[in-house]
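J.: Mind having a look at this structure? Questions to follow.
Since every read-out is calculated from the coordinates, none of them should be taken as a lab result. Predicted model, so just to flag it, every value in this text is computed and none were measured. For neighbour counting, all protein chains shown are included, and Cβ atoms are generated from backbone atoms with ideal geometry for every residue, glycine included.
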Amino acid sequence: MDGLDKQILECLIENGRMTASEISKRVSLSIPAVSERIRKLEQSGVVDKYSVILNPAKMGNHLTAIMLVSMERPRYNEGFVTHVALEPEVMECHYLAGDFDYVLKIVTADTETLEKLLNRIKSVPGVQKTRTNVVLSTVKKGVTVLP
């Protein structure tokens, strides 16, 4: 991957529906060359998939929370992960090293729906302890990482 590939990726990150024609103008490369580079980035797995990013507030979800979860024993992890995967309000789940085992990013409508979700998560076998923080504002939000 070279500098032109990175410029093309920056264009696609800005707008995944940007045409090869628009990208070619930005990176000073022919349309067929841009199309070929995009195809290679897709085939190599650098571009994993294209997606739509929804505005949570426009969808009625005005509350974001971060929940730390400590498990009683590792044998409960699989059941916990299975449960969390089925919760549509859990946007991200990361397995951690440190005092807690998992961190969840939750996006939900309000404190009432958050409370219901927290009670469901706390009821999962093996969940020993949780700590939840409500996000007041987001100062930086990224969707991908460039090399």
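J.: Under the rule of -39500 (n - 2.57) per DSSP H run of 4 or more residues, summed and divided by the residues of the chain, what mean residue ellipticity at 222 nm is obtained, to the nearest 500 deg cm²/dmol?
T.: Calculated from helices alone, the mean residue ellipticity at 222 nm is -11000 deg cm²/dmol.
J.: Contour minus end-to-end for residue 28 and residue 2, with contour as 0.36 nm per residue of separation and end-to-end as the Cα-Cα distance?
T.: 7.9 nm
J.: Which aspartates and glutamates, if any, have their Cα less than 16 Å from the Cα of residue 105, not counting same-chain residues under 8 positions apart?
T.: Within reach: 87, 89, 92, 115.
J.: Here's another thing I want to ask about it. If the cut-off is a Cα-Cα distance under 17 Å, which lysines reach residue 49, setting aside same-chain residues fewer than 8 apart in sequence?
T.: Partners within reach: 6, 40.
J.: Residue separation times 0.36 nm, minus the C-alpha to C-alpha distance between residue 110 and residue 75: what's the value? All intermediate terms of the calculation are to be shown ahead of the outcome.
T.: On the way: separation 35, 0.36 × 35 = 12.60 nm, distance 3.25 nm.
Result for the pair: 9.3 nm of gain on full extension.
J.: Using alpha carbons only, how many angstrom separate the centre of the range 30-45 from the centre of the range 115-147?
T.: One Cα centre to the other: 37 Å.
J.: Also, quick follow-up: Give me the dipole magnitude in Debye, nearest 20, for the range 9-73 about the Cα centre, with unit charges on the beta carbon: positive for Lys and Arg, negative for Asp and Glu.
T.: Magnitude of the dipole: close to 120 debye.
J.: Oh, and also: Based on the Cβ-Cβ distance of residue 132 and residue 52, what FRET efficiency does E = 1/(1 + (r/R0)^6) give at R0 = 22 Å, to the nearest 0.05?
T.: My answer for the efficiency is 0.20.
J.: Here's another thing I want to ask about it. Please tell me the relative contact order of the chain in percent, rounded to the nearest whole number, where contacts are Cα pairs under 8 Å and at least six residues apart.
T.: The normalised contact order for the chain reaches 25 percent.
J.: Moving to a separate point now. Just to be sure I understand, if you calculate semi-axes √(5λ) of the Cα gyration tensor in Å for this structure, which of (1) 28, 17, 13; (2) 39, 18, 12; (3) 25, 18, 15 do you get?
T.: After the calculation, the listed value that fits is (2).
J.: Farthest toward the dipole's positive end in the range 27-147, which of 95, 47, 124, given Cβ charges of +1 (Lys, Arg) and -1 (Asp, Glu) about the Cα centre?
T.: Projecting each Cα onto the dipole axis, the largest value belongs to 47.
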